[in-house]
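Here's the structure we're looking at; comments come further down.
The values are calculated or read from the model by the stated rules, or taken from the named source; none is laboratory data. Keep in mind it's a predicted model, so treat the numbers as computed, not measured. All Cβ positions, glycine included, derive from the backbone under ideal geometry; neighbour counts span all protein chains shown. All accessible areas refer to the heavy atoms of the entire protein, side chains included, with ligands and DNA or RNA removed. Shrake-Rupley method; radii C 1.70, N 1.55, O 1.52, S 1.80 Å.
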Amino acid sequence: MYKRVFAALLALMLCVSLTGCAKKETKSVSFFAMDTYITISVTCEDAQAALDWAQALVEANEKKWSTTLSDSLVSRLNAGEKEALDADTARLLRRAEEMRAYTDGAFEPGIYPLVKAWGFTTGEYRVPLDGETAELLRQVVPDNVRTENGETFLSGGMIDLGGIAKGMTGDMLTEGLKQRGVDSALINLGGNVQALGAKPDGSAWRIGIQSPYDDSVMCVVSVKNKCVITSGAYERYFVGEDGQVYGHIISPFTGRPVSNGVASVSVIAEEGAMADALSTALFVMGEQAALDFWRAHEGFDLVLLTDGGTLYVTEGIWNDLTKRSNGAVKQVCEIKR
Ligand code: AMP
Ligand code: MG
């Protein structure tokens with residue numbers, strides 16, 4: 001009798017100890033979505049379940065927010081339809097409009113007519129005539145999202161959320177993974193890297209910033225619980241018959257692809273949506289205006305490379321940055337407030 005009770009107790013203890021210290025594992029997944037190569041890596045108890053959830057979320061967001069998919073929610077809004085929005089899309093549209101106001105229109109969700117005219121939505125690239133660009137600029141309607149009786153529509157123009165959707169997706173991934181008990185994850189959505197917590201060994205994540213000229217890394221920043229989001233013409237561009245390089249970020253002020261001496265700009269911040277929209281906007285603003293904008297606003301750091309090879313690094317990230325020997329960078333300057 002005692003033997004049986006003892007055996008049962010032993011079995012129970014074994015069971016408790018097994019579930020009590022279920023092993024954490026590190027797993028990652030890579031796939032193509034949102035026009036880019038994506039890698040997500042997590043450390044937690046059921047890593048595969050967390051990764052399956054994460055991949056499904058990215059694919060669902062792409063289906064809603066893409067402008068290249070003709071039946072996405074955004075494409076339907078652009079076609080003049082009225083839609084009942086889910087909470088995530090409502091949040092994305094609100095954040096996009098807030099970032100337009102915050103950057104004085106350099107980040108412009110209404111830029112779609114120009115992105116389309118230059119061929120960036122289809123890959124059929126072309127250089128519009130100046131008259132056409134002027135007419136297309138009139139089709140850029142800022143702050144054009146309206147909601148009436150629970151239905152959302154555009155008051156005019158069209159929208160393109162390509163400059164913020166990946167950052168918002170990164171925020172949703174880190175929030176959802178945290179809720180699923182993940183305390184260490186690295187999310188790489190093309191040039192958008194978002195770190196949840198620290199590496200499994202407790203040290204900071206080391207995130208490489210790519211040279212705009214090749215696949216090499218020009219510097220490495222160490223972060224915990226932050227994102228490093230980079231914009232540059234090199235991500236998508238075409239060379240015109242005139243030999244000029246035309247990149248995919250378009251100035252809402254000129255209607256032309258930005259070409260202002262900035263080669264790439266990375267924003268380091270806690271919120272992905274903000275950092276994503278800001279990296280696009282600061283690229284539009286140009287070297288001096290971007291550095292002035294940083295001096296006038298709190299809550300983010302910058303790593304900005306000029307065409308001439310100067311790497312500007314703001315003071316908040318200066319001690320966490322390591323330069324790699326790289327031909328893209330001729331000199332490194334710390335920027336202070
Ligand atoms: P990113 O790689 O985050 O800088 O975003 C670039 C993408 O944002 C482009 O491919 C366009 O879809 C879109 N875009 C281009 N110019 C602008 C702009 N001035 N404001 C907002 N989005 C833009
Ligand atoms: Mg962006």
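Could you give the length gained on full extension between residue 36 and residue 101, defined as 0.36 nm per residue of separation minus the Cα-Cα distance, in nm? Don't skip to the answer; put the middle values down first.
Details: separation 65, 0.36 × 65 = 23.40 nm, distance 2.78 nm.
Net length gain for the segment: 20.6 nm.
Where does the chain land at 222 nm, in deg cm²/dmol rounded to the nearest 500, when only DSSP H runs of n ≥ 4 count, each adding -39500 (n - 2.57), divided by all residues?
-11000 deg cm²/dmol
Cα axis of helix 2-20 to longest principal axis of the chain: angle in degrees, 0 to 90, nearest 10?
On a 0 to 90 degree scale, this one is about 10.
Given 0.36 nm per residue, what is the gain on full extension from residue 220 to residue 242 after removing their alpha carbon distance, in nm? Each step should come with its number before you reach the end.
Values: separation 22, 0.36 × 22 = 7.92 nm, distance 3.59 nm.
That pair, residue 220 and residue 242, stretches by 4.3 nm at full extension.
I want the local charge near residue 74. Using Cβ-Cβ distances under 12 Å, sum +1 for each Lys or Arg and -1 for each Asp or Glu among the other residues. Let's see the in-between values first.
Values: positive: 63, 64, 76; negative: 62, 71, 81, 83, 160.
The answer is -2.
Taking the chain as the reference, fit the longest principal axis to its C-alpha atoms, fit the long axis of helix 287-296 to the helix C-alpha atoms, and give the angle between the two in degrees, 0 to 90, nearest 10.
With both axes taken from Cα atoms, the answer is about 50 degrees.
Given the Cα-Cα distance of residue 148 and residue 315 and 0.36 nm per residue of separation, how much length would full extension add, in nm?
Gain in length upon complete extension: 55.6 nm.
In debye to the nearest 20, how big a dipole does the chain give about its Cα centre with +1 on each Lys and Arg Cβ and -1 on each Asp and Glu Cβ?
On the way: 32 positive and 44 negative charges, 270 e Å.
Rounded to the nearest 20 debye, it is 1300 debye.
Could you let me know the centre-to-centre spacing of the range 143-161 and the range 214-235, using Cα atoms, in angstrom?
One Cα centre to the other: 33 Å.
For residue 49 and residue 84, what does the FRET efficiency come to when R0 = 35 Å and r is the distance between their Cβ atoms, rounded to the nearest 0.05?
On the way: r = 30 Å, r/R0 = 0.86.
E(calc), rounded to 0.05, equals 0.70.
Using a 1.4 Å probe over the heavy atoms of the protein chains, calculate the carbon and sulfur portion of the accessible area of the range 111-227 as a whole percent. All intermediate terms of the calculation are to be shown ahead of the outcome.
Numbers: 2410 of 5140 Å².
Ligands and nucleic acids excluded, carbon and sulfur give 47 percent.
Residues of the range 249-267 with amide nitrogen under 20 Å from the 7 Å Cα-to-Cβ point of residue 307?
249-266
Dividing the alpha-carbon Rg of the chain by 2.2 N^0.38 Å yields what? Intermediate values should be presented prior to the final figure.
Details: Rg = 22.8 Å, N = 337, 2.2 N^0.38 = 20.1 Å.
Expressed relative to 2.2 N^0.38 Å, the Cα Rg reads 1.14.
Filter the trypsin sites (Lys or Arg not before Pro) in the range 263-336 down to the DSSP loop ones having no more than 14 other Cβ atoms within 10 Å, then list what survives. Don't jump to the answer; show the numbers that get you there.
On the way: sites: 295, 323, 324, 330, 336; in loops: 324, 330, 336.
Answer in residue order: 324, 330, 336.
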